Amino acid sequence: MSTQKAEAPKGKLGVLVVGLGAVATTFMAGVLATRKGLAKPIGSMTQYDKIRIGKGEDKKYLHYKDIVPLAELDDIVFGAWDVYPANAFESAVNAEVLKAKDILPLKEELEAIKPMKAAFDKNYAKRLDGDNVKEAKDRWDMVEQLREDIRNFKKETGVDRVVVLWAASTEVYVPVDENVHGSVEALEAAMKADDKEHIAPSMCYAYAALSEGCPFIMGAPNTTVDIPAMWELAEKTKMPIAGKDFKTGQTLVKSGFAPIIGTRCLGLNGWFSTNILGNRDGLVLDEPANFRTKEVSKLSTLESILVPEDQPDLYGHGNDEDTQYYHKVRINYYPPRNDNKEGWDNIDIFGWMGYPMQIKINFLCRDSILAAPLCLDLVLLSDLAQRAGRYGTQRFLSFFLKSPMHDYTKGEVPVNHLFQQYVMLKNAIREMGGYEADEEID
Ligand SMILES: NC(=O)c1ccc[n+]([C@@H]2O[C@H](COP(=O)([O-])OP(=O)(O)OC[C@H]3O[C@@H](n4cnc5c(N)ncnc54)[C@H](O)[C@@H]3O)[C@@H](O)[C@H]2O)c1
(Lines give C-alpha, C1' and ligand atoms only; values in the text may rest on other atoms or scores of the structure.)
Protein backbone atom coordinates (compact mmCIF):
# COMPACT_ATOMS: atom_id res chain seq x y z
CA MET A 1 0.00 0.00 0.00
CA SER A 2 1.33 3.39 -1.01
CA THR A 3 2.06 5.91 1.70
CA GLN A 4 2.65 8.73 -0.70
CA LYS A 5 1.27 12.20 -0.26
CA ALA A 6 -1.81 12.93 -2.35
CA GLU A 7 -1.44 15.18 -5.39
CA ALA A 8 -3.57 18.32 -5.53
CA PRO A 9 -6.77 17.92 -7.58
CA LYS A 10 -7.00 19.56 -10.98
CA GLY A 11 -10.33 20.53 -12.54
CA LYS A 12 -13.76 19.13 -11.75
CA LEU A 13 -14.69 15.85 -10.12
CA GLY A 14 -17.44 13.84 -11.83
CA VAL A 15 -19.58 11.74 -9.51
CA LEU A 16 -21.53 9.10 -11.39
CA VAL A 17 -24.09 7.49 -9.15
CA VAL A 18 -25.65 4.14 -10.02
CA GLY A 19 -29.28 4.45 -8.86
CA LEU A 20 -31.04 7.77 -8.58
CA GLY A 21 -33.27 6.89 -5.63
CA ALA A 22 -33.67 8.14 -2.07
CA VAL A 23 -30.02 7.99 -1.00
CA ALA A 24 -28.59 9.39 -4.25
CA THR A 25 -30.99 12.32 -4.50
CA THR A 26 -30.62 13.20 -0.80
CA PHE A 27 -26.84 13.17 -1.28
CA MET A 28 -27.01 15.33 -4.40
CA ALA A 29 -29.54 17.78 -2.94
CA GLY A 30 -27.43 18.19 0.20
CA VAL A 31 -24.27 18.95 -1.78
CA LEU A 32 -26.09 21.45 -4.02
CA ALA A 33 -27.81 23.10 -1.04
CA THR A 34 -24.51 23.37 0.85
CA ARG A 35 -22.94 25.00 -2.17
CA LYS A 36 -25.69 27.61 -2.17
CA GLY A 37 -25.35 28.20 1.56
CA LEU A 38 -28.84 26.77 2.15
CA ALA A 39 -27.87 23.78 4.29
CA LYS A 40 -25.04 22.32 6.29
CA PRO A 41 -23.44 18.95 5.49
CA ILE A 42 -23.98 17.57 8.98
CA GLY A 43 -22.62 14.09 9.60
CA SER A 44 -19.84 14.37 7.03
CA MET A 45 -16.38 13.59 8.41
CA THR A 46 -14.61 15.30 5.50
CA GLN A 47 -16.50 18.52 6.17
CA TYR A 48 -16.44 18.55 9.98
CA ASP A 49 -14.02 16.18 11.65
CA LYS A 50 -10.74 17.46 13.06
CA ILE A 51 -7.87 15.10 13.73
CA ARG A 52 -4.53 15.36 15.41
CA ILE A 53 -1.31 15.64 13.46
CA GLY A 54 2.06 15.80 15.14
CA LYS A 55 2.81 14.96 18.75
CA GLY A 56 3.71 16.71 21.98
CA GLU A 57 4.24 20.43 21.58
CA ASP A 58 3.86 20.20 17.80
CA LYS A 59 0.43 18.65 17.87
CA LYS A 60 -2.40 20.38 16.06
CA TYR A 61 -6.04 19.46 15.41
CA LEU A 62 -7.00 20.16 11.83
CA HIS A 63 -9.90 19.59 9.45
CA TYR A 64 -9.20 16.99 6.76
CA LYS A 65 -9.05 19.67 4.05
CA ASP A 66 -6.19 21.33 5.90
CA ILE A 67 -4.23 18.07 5.99
CA VAL A 68 -4.97 16.60 2.54
CA PRO A 69 -5.94 18.14 -0.81
CA LEU A 70 -9.64 17.22 -0.95
CA ALA A 71 -11.83 18.14 -3.90
CA GLU A 72 -14.15 21.05 -3.18
CA LEU A 73 -17.92 20.62 -3.16
CA ASP A 74 -18.06 23.35 -5.83
CA ASP A 75 -16.06 21.12 -8.14
CA ILE A 76 -18.47 18.19 -8.08
CA VAL A 77 -20.50 17.44 -11.22
CA PHE A 78 -23.21 14.78 -10.84
CA GLY A 79 -24.47 12.18 -13.27
CA ALA A 80 -26.45 8.96 -12.77
CA TRP A 81 -27.96 5.80 -14.17
CA ASP A 82 -31.36 4.45 -13.18
CA VAL A 83 -33.93 1.89 -14.25
CA TYR A 84 -36.60 4.60 -14.03
CA PRO A 85 -36.39 7.70 -16.24
CA ALA A 86 -37.27 10.27 -13.54
CA ASN A 87 -34.72 13.07 -13.20
CA ALA A 88 -33.14 13.86 -9.84
CA PHE A 89 -35.78 16.47 -9.00
CA GLU A 90 -38.72 14.13 -9.71
CA SER A 91 -36.99 11.29 -7.93
CA ALA A 92 -36.23 13.44 -4.85
CA VAL A 93 -39.91 14.44 -4.73
CA ASN A 94 -40.99 10.79 -5.06
CA ALA A 95 -38.58 9.65 -2.37
CA GLU A 96 -40.25 11.95 0.18
CA VAL A 97 -37.10 12.24 2.22
CA LEU A 98 -36.67 16.00 1.93
CA LYS A 99 -39.29 18.69 2.28
CA ALA A 100 -40.42 20.76 -0.71
CA LYS A 101 -38.81 23.85 0.81
CA ASP A 102 -35.44 22.11 0.65
CA ILE A 103 -35.85 20.69 -2.86
CA LEU A 104 -37.48 23.59 -4.71
CA PRO A 105 -34.51 25.99 -4.58
CA LEU A 106 -32.48 23.25 -6.31
CA LYS A 107 -35.09 22.38 -8.94
CA GLU A 108 -33.17 23.49 -12.01
CA GLU A 109 -29.92 21.79 -11.05
CA LEU A 110 -31.65 18.58 -9.99
CA GLU A 111 -33.77 18.48 -13.15
CA ALA A 112 -30.58 18.63 -15.19
CA ILE A 113 -29.46 15.32 -13.67
CA LYS A 114 -31.19 12.87 -15.98
CA PRO A 115 -30.41 9.20 -15.54
CA MET A 116 -28.67 7.31 -18.30
CA LYS A 117 -30.16 3.94 -19.19
CA ALA A 118 -29.38 1.31 -16.59
CA ALA A 119 -27.50 -1.94 -17.03
CA PHE A 120 -30.21 -4.05 -15.42
CA ASP A 121 -31.49 -7.58 -15.12
CA LYS A 122 -34.87 -8.03 -13.49
CA ASN A 123 -33.77 -11.34 -12.00
CA TYR A 124 -31.50 -9.33 -9.71
CA ALA A 125 -34.28 -7.10 -8.35
CA LYS A 126 -37.69 -8.58 -9.13
CA ARG A 127 -39.67 -5.79 -7.54
CA LEU A 128 -38.35 -3.16 -9.94
CA ASP A 129 -39.80 -2.72 -13.33
CA GLY A 130 -38.67 0.52 -14.95
CA ASP A 131 -38.04 0.82 -18.68
CA ASN A 132 -34.98 3.08 -18.72
CA VAL A 133 -32.87 0.03 -19.39
CA LYS A 134 -30.12 -0.74 -21.89
CA GLU A 135 -30.65 -3.32 -24.62
CA ALA A 136 -27.58 -5.44 -24.16
CA LYS A 137 -26.57 -8.51 -26.13
CA ASP A 138 -24.73 -9.97 -23.17
CA ARG A 139 -22.91 -8.93 -20.00
CA TRP A 140 -19.83 -7.90 -21.95
CA ASP A 141 -21.98 -5.61 -24.10
CA MET A 142 -23.34 -4.07 -20.86
CA VAL A 143 -19.77 -3.30 -19.86
CA GLU A 144 -18.97 -1.75 -23.25
CA GLN A 145 -22.06 0.46 -23.12
CA LEU A 146 -21.31 1.61 -19.58
CA ARG A 147 -17.74 2.43 -20.55
CA GLU A 148 -19.07 4.55 -23.37
CA ASP A 149 -21.44 6.33 -20.94
CA ILE A 150 -18.50 7.21 -18.70
CA ARG A 151 -16.43 8.48 -21.63
CA ASN A 152 -19.36 10.56 -22.93
CA PHE A 153 -20.02 12.00 -19.46
CA LYS A 154 -16.39 13.06 -19.23
CA LYS A 155 -16.49 14.63 -22.68
CA GLU A 156 -19.80 16.44 -22.17
CA THR A 157 -19.02 17.83 -18.72
CA GLY A 158 -15.28 18.35 -19.10
CA VAL A 159 -14.58 16.78 -15.71
CA ASP A 160 -11.01 15.80 -14.95
CA ARG A 161 -11.76 12.70 -12.88
CA VAL A 162 -14.78 10.48 -12.19
CA VAL A 163 -15.74 8.38 -9.17
CA VAL A 164 -18.51 5.78 -9.59
CA LEU A 165 -20.72 5.18 -6.56
CA TRP A 166 -23.29 2.37 -6.33
CA ALA A 167 -26.35 3.68 -4.49
CA ALA A 168 -28.75 1.42 -6.39
CA SER A 169 -30.94 -1.34 -5.02
CA THR A 170 -29.53 -4.39 -3.32
CA GLU A 171 -29.22 -7.22 -5.82
CA VAL A 172 -29.93 -10.86 -5.04
CA TYR A 173 -27.11 -12.62 -3.25
CA VAL A 174 -24.32 -13.86 -5.50
CA PRO A 175 -22.08 -16.24 -3.56
CA VAL A 176 -18.43 -16.08 -4.55
CA ASP A 177 -17.61 -18.77 -7.09
CA GLU A 178 -13.88 -19.27 -7.48
CA ASN A 179 -14.29 -20.54 -11.07
CA VAL A 180 -15.90 -17.30 -12.22
CA HIS A 181 -14.86 -14.69 -9.67
CA GLY A 182 -11.35 -15.95 -9.00
CA SER A 183 -9.49 -13.98 -11.67
CA VAL A 184 -10.01 -11.20 -14.20
CA GLU A 185 -9.54 -13.72 -16.99
CA ALA A 186 -12.33 -15.95 -15.66
CA LEU A 187 -14.59 -12.95 -15.01
CA GLU A 188 -14.14 -11.61 -18.53
CA ALA A 189 -14.79 -15.05 -20.01
CA ALA A 190 -18.03 -15.32 -18.01
CA MET A 191 -19.10 -11.84 -19.13
CA LYS A 192 -18.44 -12.75 -22.75
CA ALA A 193 -20.31 -16.04 -22.30
CA ASP A 194 -23.22 -14.05 -20.82
CA ASP A 195 -23.18 -16.00 -17.56
CA LYS A 196 -26.18 -14.23 -16.02
CA GLU A 197 -26.14 -16.34 -12.89
CA HIS A 198 -22.68 -15.32 -11.72
CA ILE A 199 -22.33 -11.87 -13.25
CA ALA A 200 -24.59 -9.35 -11.57
CA PRO A 201 -25.24 -6.08 -13.43
CA SER A 202 -23.34 -4.31 -10.63
CA MET A 203 -20.20 -6.19 -11.69
CA CYS A 204 -20.55 -4.67 -15.15
CA TYR A 205 -20.64 -1.17 -13.61
CA ALA A 206 -17.59 -1.92 -11.48
CA TYR A 207 -15.67 -3.46 -14.37
CA ALA A 208 -16.53 -0.48 -16.58
CA ALA A 209 -15.58 2.06 -13.89
CA LEU A 210 -12.21 0.51 -13.11
CA SER A 211 -11.38 0.06 -16.79
CA GLU A 212 -12.14 3.74 -17.41
CA GLY A 213 -9.86 4.83 -14.57
CA CYS A 214 -12.57 5.56 -12.00
CA PRO A 215 -12.56 4.45 -8.35
CA PHE A 216 -15.63 2.32 -7.56
CA ILE A 217 -17.59 2.33 -4.29
CA MET A 218 -20.20 -0.29 -3.41
CA GLY A 219 -22.81 1.26 -1.09
CA ALA A 220 -25.13 -1.76 -1.07
CA PRO A 221 -24.24 -5.16 0.40
CA ASN A 222 -23.67 -6.67 -3.08
CA THR A 223 -20.54 -8.82 -3.39
CA THR A 224 -19.64 -6.99 -6.64
CA VAL A 225 -16.09 -5.86 -5.85
CA ASP A 226 -15.67 -8.25 -2.95
CA ILE A 227 -14.18 -10.91 -5.22
CA PRO A 228 -10.57 -11.70 -6.20
CA ALA A 229 -11.22 -10.87 -9.87
CA MET A 230 -12.12 -7.28 -9.01
CA TRP A 231 -9.18 -6.96 -6.62
CA GLU A 232 -6.95 -8.04 -9.49
CA LEU A 233 -8.61 -5.57 -11.87
CA ALA A 234 -8.26 -2.75 -9.33
CA GLU A 235 -4.59 -3.59 -9.02
CA LYS A 236 -4.11 -3.74 -12.77
CA THR A 237 -5.87 -0.43 -13.36
CA LYS A 238 -4.38 1.13 -10.18
CA MET A 239 -7.81 2.16 -8.99
CA PRO A 240 -9.22 2.24 -5.45
CA ILE A 241 -12.27 0.16 -4.59
CA ALA A 242 -14.38 0.37 -1.44
CA GLY A 243 -17.28 -1.55 0.00
CA LYS A 244 -19.60 -2.72 1.09
CA ASP A 245 -22.92 -1.38 2.40
CA PHE A 246 -23.19 2.10 3.90
CA LYS A 247 -22.97 1.92 7.68
CA THR A 248 -25.92 4.09 8.61
CA GLY A 249 -28.37 3.32 11.44
CA GLN A 250 -28.55 0.08 13.30
CA THR A 251 -25.13 -1.19 12.29
CA LEU A 252 -23.51 2.11 13.23
CA VAL A 253 -25.05 1.73 16.66
CA LYS A 254 -23.93 -1.89 16.80
CA SER A 255 -20.33 -1.21 15.84
CA GLY A 256 -20.20 1.62 18.36
CA PHE A 257 -22.05 -0.15 21.16
CA ALA A 258 -20.50 -3.62 20.97
CA PRO A 259 -17.13 -2.17 22.03
CA ILE A 260 -18.76 -1.11 25.33
CA ILE A 261 -19.61 -4.74 26.05
CA GLY A 262 -16.19 -5.91 24.89
CA THR A 263 -14.19 -3.23 26.71
CA ARG A 264 -16.06 -3.79 29.96
CA CYS A 265 -15.65 -7.62 29.69
CA LEU A 266 -19.37 -8.27 29.97
CA GLY A 267 -20.88 -11.43 28.51
CA LEU A 268 -23.26 -11.62 25.54
CA ASN A 269 -25.97 -14.23 25.10
CA GLY A 270 -27.77 -12.76 22.17
CA TRP A 271 -28.41 -9.68 20.08
CA PHE A 272 -31.70 -9.37 18.24
CA SER A 273 -32.06 -6.50 15.76
CA THR A 274 -35.23 -5.70 13.90
CA ASN A 275 -36.30 -2.81 11.68
CA ILE A 276 -39.32 -1.41 9.93
CA LEU A 277 -38.92 0.70 6.84
CA GLY A 278 -41.14 1.60 3.92
CA ASN A 279 -39.06 3.09 1.14
CA ARG A 280 -38.20 1.42 -2.16
CA ASP A 281 -35.11 -0.08 -0.55
CA GLY A 282 -37.47 -1.76 1.95
CA LEU A 283 -39.62 -3.00 -0.90
CA VAL A 284 -36.65 -4.58 -2.68
CA LEU A 285 -35.39 -6.09 0.58
CA ASP A 286 -38.81 -7.63 1.16
CA GLU A 287 -37.79 -10.17 -1.48
CA PRO A 288 -36.02 -13.00 0.41
CA ALA A 289 -33.19 -13.38 -2.13
CA ASN A 290 -32.37 -9.67 -1.87
CA PHE A 291 -32.71 -9.68 1.92
CA ARG A 292 -30.19 -12.53 2.07
CA THR A 293 -27.51 -10.18 0.69
CA LYS A 294 -28.31 -7.63 3.39
CA GLU A 295 -28.49 -10.25 6.13
CA VAL A 296 -25.02 -11.59 5.36
CA SER A 297 -23.67 -8.06 5.48
CA LYS A 298 -25.41 -7.06 8.70
CA LEU A 299 -24.55 -10.28 10.53
CA SER A 300 -20.83 -9.88 9.98
CA THR A 301 -20.55 -6.81 12.22
CA LEU A 302 -20.43 -8.39 15.66
CA GLU A 303 -18.25 -11.39 14.87
CA SER A 304 -14.99 -9.50 14.70
CA ILE A 305 -15.72 -7.25 17.69
CA LEU A 306 -16.92 -9.84 20.20
CA VAL A 307 -14.89 -12.90 19.26
CA PRO A 308 -15.99 -16.16 20.94
CA GLU A 309 -12.61 -17.86 20.36
CA ASP A 310 -10.83 -15.03 22.19
CA GLN A 311 -13.20 -14.91 25.16
CA PRO A 312 -15.12 -18.20 25.41
CA ASP A 313 -16.50 -17.36 28.87
CA LEU A 314 -18.01 -14.12 27.60
CA TYR A 315 -19.14 -14.88 24.05
CA GLY A 316 -19.14 -18.65 23.84
CA HIS A 317 -22.79 -19.15 24.73
CA GLY A 318 -26.14 -19.11 23.16
CA ASN A 319 -26.85 -20.40 19.69
CA ASP A 320 -27.60 -23.81 18.29
CA GLU A 321 -24.09 -25.16 18.39
CA ASP A 322 -23.59 -23.51 21.74
CA THR A 323 -20.46 -21.96 20.39
CA GLN A 324 -21.37 -18.30 20.42
CA TYR A 325 -24.04 -15.74 21.16
CA TYR A 326 -27.22 -15.72 19.12
CA HIS A 327 -27.27 -12.92 16.54
CA LYS A 328 -30.39 -12.26 14.49
CA VAL A 329 -31.23 -9.42 12.10
CA ARG A 330 -34.66 -8.72 10.59
CA ILE A 331 -35.89 -6.08 8.17
CA ASN A 332 -39.62 -5.65 7.72
CA TYR A 333 -41.17 -3.69 4.87
CA TYR A 334 -43.75 -1.34 6.34
CA PRO A 335 -44.84 1.39 3.85
CA PRO A 336 -46.33 3.97 6.30
CA ARG A 337 -42.85 4.75 7.63
CA ASN A 338 -41.30 5.41 4.22
CA ASP A 339 -37.65 6.49 4.69
CA ASN A 340 -38.05 7.01 8.44
CA LYS A 341 -36.80 3.67 9.60
CA GLU A 342 -37.28 2.47 13.13
CA GLY A 343 -34.85 -0.03 14.56
CA TRP A 344 -35.02 -2.01 17.77
CA ASP A 345 -32.14 -3.84 19.34
CA ASN A 346 -32.54 -6.20 22.23
CA ILE A 347 -29.22 -7.15 23.74
CA ASP A 348 -29.05 -9.96 26.27
CA ILE A 349 -25.90 -9.53 28.28
CA PHE A 350 -24.66 -11.10 31.50
CA GLY A 351 -22.39 -9.93 34.28
CA TRP A 352 -20.77 -11.03 37.54
CA MET A 353 -21.42 -14.76 38.21
CA GLY A 354 -23.43 -14.94 35.01
CA TYR A 355 -26.43 -12.86 36.10
CA PRO A 356 -28.46 -11.73 33.06
CA MET A 357 -29.32 -8.17 32.08
CA GLN A 358 -30.93 -6.57 29.04
CA ILE A 359 -30.28 -3.46 27.00
CA LYS A 360 -32.89 -2.05 24.58
CA ILE A 361 -32.07 0.46 21.91
CA ASN A 362 -34.80 2.12 19.88
CA PHE A 363 -33.41 4.22 17.03
CA LEU A 364 -35.86 6.36 15.09
CA CYS A 365 -33.62 7.32 12.25
CA ARG A 366 -33.85 8.58 8.71
CA ASP A 367 -32.12 6.23 6.36
CA SER A 368 -31.11 8.55 3.58
CA ILE A 369 -30.21 11.40 5.94
CA LEU A 370 -27.65 9.09 7.52
CA ALA A 371 -26.46 7.67 4.19
CA ALA A 372 -25.95 10.97 2.32
CA PRO A 373 -22.88 12.18 4.24
CA LEU A 374 -21.32 8.73 3.83
CA CYS A 375 -21.73 9.07 0.07
CA LEU A 376 -19.92 12.40 0.14
CA ASP A 377 -17.10 11.14 2.35
CA LEU A 378 -16.62 7.92 0.38
CA VAL A 379 -16.52 9.81 -2.91
CA LEU A 380 -14.09 12.51 -1.75
CA LEU A 381 -11.82 10.06 0.03
CA SER A 382 -11.76 7.58 -2.88
CA ASP A 383 -10.80 10.43 -5.21
CA LEU A 384 -8.12 11.45 -2.73
CA ALA A 385 -6.83 7.88 -2.42
CA GLN A 386 -6.47 7.66 -6.17
CA ARG A 387 -4.43 10.85 -6.21
CA ALA A 388 -2.24 9.41 -3.47
CA GLY A 389 -1.48 6.39 -5.65
CA ARG A 390 -3.54 4.02 -3.52
CA TYR A 391 -5.32 1.19 -5.28
CA GLY A 392 -7.21 -1.99 -4.50
CA THR A 393 -9.39 -2.34 -1.40
CA GLN A 394 -9.28 0.83 0.70
CA ARG A 395 -9.51 -0.60 4.20
CA PHE A 396 -9.31 2.85 5.76
CA LEU A 397 -12.84 3.43 4.46
CA SER A 398 -14.19 0.57 6.63
CA PHE A 399 -15.39 3.27 9.04
CA PHE A 400 -18.18 4.11 6.60
CA LEU A 401 -19.16 0.56 5.74
CA LYS A 402 -21.25 -2.14 7.32
CA SER A 403 -19.41 -5.12 5.90
CA PRO A 404 -15.89 -3.91 5.18
CA MET A 405 -13.97 -5.65 2.44
CA HIS A 406 -10.86 -7.61 3.34
CA ASP A 407 -8.84 -10.35 1.68
CA TYR A 408 -10.65 -13.44 2.99
CA THR A 409 -8.55 -15.68 0.72
CA LYS A 410 -5.54 -14.82 2.92
CA GLY A 411 -7.40 -15.20 6.20
CA GLU A 412 -7.54 -11.42 6.76
CA VAL A 413 -10.33 -10.42 9.15
CA PRO A 414 -12.49 -7.34 8.68
CA VAL A 415 -12.25 -4.50 11.19
CA ASN A 416 -15.76 -3.73 12.42
CA HIS A 417 -14.97 -2.00 15.69
CA LEU A 418 -15.97 1.64 15.07
CA PHE A 419 -13.11 3.13 17.04
CA GLN A 420 -10.46 0.92 15.43
CA GLN A 421 -11.91 1.88 12.06
CA TYR A 422 -11.61 5.52 13.08
CA VAL A 423 -7.92 5.05 13.85
CA MET A 424 -7.42 3.51 10.40
CA LEU A 425 -9.18 6.48 8.83
CA LYS A 426 -7.14 9.02 10.76
CA ASN A 427 -3.84 7.30 9.98
CA ALA A 428 -4.64 7.20 6.26
CA ILE A 429 -5.48 10.93 6.25
CA ARG A 430 -2.22 11.63 8.05
CA GLU A 431 -0.24 9.58 5.54
CA MET A 432 -1.91 11.12 2.52
CA GLY A 433 -1.11 14.53 4.00
CA GLY A 434 2.57 13.64 4.31
CA TYR A 435 2.50 13.11 8.09
CA GLU A 436 3.35 10.07 10.12
CA ALA A 437 0.57 7.50 10.65
CA ASP A 438 1.32 7.55 14.34
CA GLU A 439 -1.72 6.03 16.01
CA GLU A 440 -1.72 2.38 17.04
CA ILE A 441 -4.73 0.08 16.85
CA ASP A 442 -4.91 -1.77 20.13
N1 LIG B 1 -30.20 4.44 3.34
C2 LIG B 1 -29.49 3.65 4.09
O3 LIG B 1 -29.42 3.81 5.30
C4 LIG B 1 -28.69 2.58 3.46
C5 LIG B 1 -27.73 1.94 4.22
C6 LIG B 1 -26.96 0.96 3.65
C7 LIG B 1 -27.14 0.63 2.32
N8 LIG B 1 -28.10 1.25 1.61
C9 LIG B 1 -28.26 0.81 0.24
O10 LIG B 1 -28.24 1.89 -0.66
C11 LIG B 1 -29.00 1.52 -1.80
C12 LIG B 1 -29.90 2.67 -2.17
O13 LIG B 1 -30.92 2.87 -1.19
P14 LIG B 1 -32.16 3.81 -1.50
O15 LIG B 1 -32.93 3.96 -0.25
O16 LIG B 1 -31.70 5.01 -2.24
O17 LIG B 1 -33.00 2.90 -2.50
P18 LIG B 1 -33.99 3.36 -3.66
O19 LIG B 1 -34.80 2.15 -3.98
O20 LIG B 1 -34.68 4.63 -3.32
O21 LIG B 1 -33.01 3.70 -4.87
C22 LIG B 1 -32.33 2.74 -5.58
C23 LIG B 1 -32.45 3.06 -7.05
O24 LIG B 1 -31.59 2.17 -7.77
C25 LIG B 1 -32.19 1.90 -9.00
N26 LIG B 1 -31.57 0.70 -9.57
C27 LIG B 1 -31.73 -0.58 -9.21
N28 LIG B 1 -30.94 -1.39 -9.95
C29 LIG B 1 -30.26 -0.58 -10.79
C30 LIG B 1 -29.29 -0.81 -11.79
N31 LIG B 1 -28.87 -2.05 -12.09
N32 LIG B 1 -28.79 0.26 -12.46
C33 LIG B 1 -29.22 1.53 -12.18
N34 LIG B 1 -30.14 1.79 -11.25
C35 LIG B 1 -30.65 0.75 -10.56
C36 LIG B 1 -33.66 1.77 -8.67
O37 LIG B 1 -34.48 1.95 -9.80
C38 LIG B 1 -33.84 2.87 -7.63
O39 LIG B 1 -34.29 4.09 -8.18
C40 LIG B 1 -29.72 0.22 -1.45
O41 LIG B 1 -29.03 -0.86 -2.00
C42 LIG B 1 -29.62 0.17 0.04
O43 LIG B 1 -29.64 -1.16 0.53
C44 LIG B 1 -28.87 2.23 2.13
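Looking only at residues of region 257-286 that are open to solvent by 10 Å² or more (accessible area, probe 1.4 Å) and of a type in the set (A, V, I, L, M, F, W, C), we find that the one that is farthest from the ligand (Cβ to nearest atom) is Cys265. For region 382-409, the set of residues classified as within 16 Å of the ligand (Cβ to nearest atom) and open to solvent by 20 Å² or more (accessible area, probe 1.4 Å) consists of Phe399 only.
There is at least one residue in region 364-381 that is of a type outside the set (Val, Ile, Thr), under 25 Å from Val97 (Cα atoms), open to solvent by 20 Å² or more (accessible area, probe 1.4 Å) and in a strand (DSSP E or B). If the condition is being under 26 Å from Glu197 (Cβ atoms), assigned to a loop (DSSP other than H, G, I, E, B) and out of contact with any helix residue (DSSP H, G or I) (no Cβ under 6 Å at 6 or more places or on another chain), then region 220-273 contributes Ala220, Thr223, Asp226, Lys244. Mind checking whether some residue in region 173-184 is within 16 Å of the ligand (Cβ to nearest atom) and open to solvent by 20 Å² or more (accessible area, probe 1.4 Å)? Yes, region 173-184 contains a residue that is within 16 Å of the ligand (Cβ to nearest atom) and open to solvent by 20 Å² or more (accessible area, probe 1.4 Å).
Could you list, in sequence order, all residues of region 152-165 that are of a type outside the set (Gly, Ala, Ser) and open to solvent by 10 Å² or more (accessible area, probe 1.4 Å)? Result: Asn152, Phe153, Lys154, Lys155, Glu156, Thr157, Val159, Asp160, Arg161. Report yes if some residue within region 103-116 is touching an Asp or Glu at 6+ places or on another chain (Cβ under 6 Å) and assigned to a loop (DSSP other than H, G, I, E, B); otherwise report no. Checked against the condition, which is being touching an Asp or Glu at 6+ places or on another chain (Cβ under 6 Å) and assigned to a loop (DSSP other than H, G, I, E, B), region 103-116 yields at least one hit. Tallying residues that are within 16 Å of the ligand (Cβ to nearest atom) and either in a loop (DSSP other than H, G, I, E, B) or touching a Gly at 6+ places or on another chain (Cβ under 9 Å) (or both) within region 25-46 yields 3. Residues in region 357-394 that are over 20 Å from the mean Cα position of the chain (by Cα) and among the aliphatic types (A, V, I, L, M): Met357, Ile359, Ile361, Leu364, Ala388. Restricting attention to region 287-314, report how many residues are modelled with pLDDT of 80 or more and either open to solvent by 10 Å² or more (accessible area, probe 1.4 Å) or within 19 Å of Ala200 (Cα to Cα) (or both). Looking only at that region, the number is 11. Within region 407-442, the residues that satisfy the criterion of being modelled with pLDDT of 85 or more, closer than 21 Å to Phe257 by Cα and part of a loop (DSSP other than H, G, I, E, B) are Pro414, Val415, Asn416, His417.
Considering (1) among the aliphatic types (A, V, I, L, M); (2) within 16 Å of the ligand (Cβ to nearest atom); (3) in a strand (DSSP E or B), the lone condition that Ile359 does not fulfil carries the number (2). Looking only at residues in region 203-230 that are buried (at least 24 other Cβ atoms within 10 Å of the Cβ) and polar (S, T, N, Q), which one is farthest from the ligand (Cβ to nearest atom)? Filtering region 203-230 for residues that are buried (at least 24 other Cβ atoms within 10 Å of the Cβ) and polar (S, T, N, Q), the one farthest from the ligand (Cβ to nearest atom) comes out as Thr223.
Scan Lys122, Lys126, Lys117 and give me the residue that is closer than 21 Å to Ser169 by Cβ and buried (at least 19 other Cβ atoms within 10 Å of the Cβ). Steps first, please.
Values: Lys122 fails: buried (at least 19 other Cβ atoms within 10 Å of the Cβ); Lys126 fails: buried (at least 19 other Cβ atoms within 10 Å of the Cβ).
Criteria check complete, one pass: Lys117.
Looking only at residues of region 57-98 that are assigned to a helix (DSSP H, G or I) and open to solvent by 60 Å² or more (accessible area, probe 1.4 Å), we find that the one that is nearest to the ligand (Cβ to nearest atom) is Asn94. Looking only at region 185-199, residues that are within 16 Å of the ligand (Cβ to nearest atom) and crowded, with 24+ Cβ neighbours inside 10 Å come to 1 in all. Among the conditions (1) touching a residue at least 24 places away in the same chain (Cβ under 8 Å); (2) over 23 Å from the mean Cα position of the chain (by Cα); (3) within 16 Å of the ligand (Cβ to nearest atom); (4) under 17 Å from Val17 (Cβ atoms), the only one that Lys134 does not satisfy is (1).
Of all residues in region 346-356, none satisfies being surrounded by 14 or more Cβ atoms within 10 Å (Cβ to Cβ), of a type in the set (D, E, K, R) and within 16 Å of the ligand (Cβ to nearest atom).
Looking only at residues of region 47-56 that are touching a residue at least 40 places away in the same chain (Cβ under 8 Å) and assigned to a loop (DSSP other than H, G, I, E, B), we find that the one that is surrounded by the fewest Cβ atoms within 10 Å (Cβ to Cβ) is Lys55. Contact annotation: residue pairs with Cβ atoms under 7 Å, 6 or more positions apart or on different chains, pairing a residue in region 332-352 that is within 29 Å of Leu306 (Cα to Cα) with a partner that is within 14 Å of the ligand (Cβ to nearest atom) and open to solvent by 70 Å² or more (accessible area, probe 1.4 Å), are Glu342/Leu364.
The values are calculated or read from the model by the stated rules, or taken from the named source; none is laboratory data. The structure displayed is predicted, hence computed values, not measured ones. No Cβ is skipped: glycine too gets one built from the backbone with ideal geometry, and neighbour counts run over all protein chains shown. We work out accessible area using only protein heavy atoms, side chains counted, and drop any ligands, DNA or RNA first. Shrake-Rupley method; radii C 1.70, N 1.55, O 1.52, S 1.80 Å.
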